[in-house]
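S.K.: Below you will find the structure I want to go over with you.
What follows draws every value from the coordinates through simple rules; no lab data is involved. Note that this is a predicted model, so its numbers are computed, not measured. Cβ coordinates were reconstructed from backbone atoms using ideal geometry, including for glycine residues, and neighbour counts include every protein chain displayed.
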Amino acid sequence: MNDIIQRLQKELDKVRSQLYIFYELNKAMRTTLRLDEITYIILTGITAHAGLGFNRAVLLFLDNDKKNVQGFMGIGPMDSKESGAIWHSIEKDKKNLYDLIDNYNFIKTSKNMAYLFIEFIRSLTFEYCSENKILFDSLQTNNTFHFKKLSSSEFQDDPLIQKLNLEEFLICSLWIKNQAKGIIIVDNCVTKKPIEPDDIKIFNMFIEQASGAIENSQSFESTLTKAHTDSLTSLWNYGYFQYKLDEELIKANSIKLPLSVMMIDVDDFKKFNDAYGHIQGDNALKELSAIIKENCRKIDILCRYGGEEFSLILPNNNKQDANLLGERIRKSIEQKEIISYNFTVSIGISSYPEDGLNKLTIINQADKSLYQAKRNGKNQVVLT
């Protein structure tokens with residue numbers, strides 16, 4: 001009788017713990033609609049000791065064209081040594097689930113172990129085809145597959161197994177609006193703790209809630225993207241430039257890297273509008289924005305600042321790097337005939353930290369350089 005009571009008590013405690021996890025995670029997921037923050041909360045809940053307790057969790061999304069499965073977020077250790085350091089820190093500082101979630105902003109602006117794992121996961125791309133059998137089969141059905149160590153050896157050459165060094169693991173597709181949108185993979189790569197049926201049950205319950213949270217987040221981000229997109233050029237708009245420059249300055253300060261801002265103004269654009277009309281003026285702005293974009297890196301943030309003026313945020317670019325890019329943009333526009341017209345641009349550049357430590361100063365300095373370029377005769381790049 002005592003054994004039965006103890007077993008029932010243990011099961012009751014486990015149910016209480018699971019209910020607490022769902023309650024806390026639901027509260028956490030209501031604190032944000034940003035997709036990266038939502039997925040971090042979800043994966044934190046899966047891996048935290050106060051959560052589901054898996055060692056590692058990885059999220060990959062299927063792209064809109066259904067050609068590739070791209071890594072998006074990962075939480076967990078790269079190896080057992082790293083895992084020991086992470087969990088020692090958690091235990092030492094008595095971190096709870098919310099502490100780990102709050103830690104995300106720090107992770108985004110630092111080069112610590114958690115950041116490196118996220119970057120590793122984001123570097124992963126798998127073609128959505130039958131050769132990538134595990135991913136491909138998982139995305140065909142709304143089920144969780146349990147690969148045990150023995151069975152996973154049958155797929156030892158599978159790219160997913162190879163890239164993540166998987167042994168025993170769970171893989172589950174994320175379905176949103178009756179379509180497979182992504183994959184979540186979890187395992188106990190360090191402790192080697194077997195995955196039990198109860199673990200799978202609670203994992204499935206959690207994935208159902210996570211899918212709803214991700215769906216809401218994607219809808220929000222789609223709306224946000226439209227709100228921050230210039231309708232004419234399809235570039236980011238002035239509001240997004242202001243928001244993103246704040247974020248990039250915080251990051252640059254945290255990891256001690258340079259950042260430059262470029263202001264680009266089309267010379268004598270009013271004369272073109274007066275001669276050719278505003279419709280042709282709009283067409284010219286579209287072509288000009290495309291030329292500028294072609295010369296930028298993927299990480300550069302190009303915005304339409306207003307009218308015929310563009311702004312460009314250049315992460316991890318010092319003044320000399322920015323000057324080279326400015327000259328490349330200037331020459332590309334000068335050499336390109338657009339609507340039977342040869343445009344030129346004036347460009348002003350300022351850089352963090354030498355020209356200022358805050359957003360307002362950086363923008364003002366870039367503006368001053370731009371006006372100096374205009375006064376000097378236009379069609380040139382001026383540095384602060």
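S.K.: Evaluate E = 1/(1 + (r/R0)^6) for GLU334 and GLN140, where r is the Cβ-Cβ distance and R0 equals 56 Å; express this FRET efficiency to the nearest 0.05.
M.R.: Between GLU334 and GLN140 the formula returns 0.60.
S.K.: Taking neighbour counts of Cβ atoms within 10 Å as a proxy for exposure, in what order, fewest first, do SER340, SER260, SER123 appear?
M.R.: SER340, SER123, SER260
S.K.: Counting only C-alpha contacts under 8 Å and six or more residues apart, can you give the relative contact order of segment 213-328 as a whole percent?
M.R.: That works out to 35 percent.
S.K.: Only counting other Cβ atoms within 10 Å, I'd like LEU164, LEU224, LEU312, LEU8 sorted with the fewest neighbours first. Walk me through the numbers on the way to the answer.
M.R.: Values: LEU164 20, LEU224 15, LEU312 28, LEU8 10.
Starting with the residue having the fewest Cβ neighbours, the order is LEU8, LEU224, LEU164, LEU312.
S.K.: When the dipole is taken about the Cα centre of segment 238-383, and only Lys, Arg (+1) and Asp, Glu (-1) are charged at their Cβ, what size is it in debye, to the nearest 20?
M.R.: 220 debye
S.K.: May I ask you to compute the full-extension gain from THR125 to LYS66, defined as 0.36 nm times their residue separation minus their alpha-carbon distance, rounded to one decimal in nm?
M.R.: Computed gain between THR125 and LYS66 is 20.0 nm.
S.K.: Also, I was wondering about something else. Taking H placed 1.01 Å from N in the peptide plane, check which residues at least 5 places from TYR128 or on another chain put their amide H under 5 Å from its amide H.
M.R.: ASN68, VAL69
S.K.: Please arrange CYS189, CYS129 by how many other C-beta atoms lie within 10 Å of their C-beta, fewest to most. Let's see the in-between values first.
M.R.: On the way: CYS189 21, CYS129 12.
With the fewest neighbours first, CYS189, CYS129 line up as CYS129, CYS189.
S.K.: Express in nm, to one decimal, how much length is gained between MET1 and ASP157 on full extension, taking 0.36 nm for each residue of separation and deducting their alpha carbon distance.
M.R.: 51.1 nm
S.K.: Same structure, new question: How far, in nm, would the chain grow between LYS359 and ASN253 when pulled straight, counting 0.36 nm per residue and subtracting the alpha carbon separation?
M.R.: Extending this stretch completely gives an extra 37.0 nm.
S.K.: Shifting gears a bit: Mind scanning LYS256/LYS336; LYS201/LYS226; LYS67/LYS177; LYS181/LYS226; LYS244/LYS286 and naming the pairs with a C-alpha gap bigger than 28 Å?
M.R.: With Cα atoms farther than 28 Å apart: LYS256/LYS336; LYS201/LYS226.
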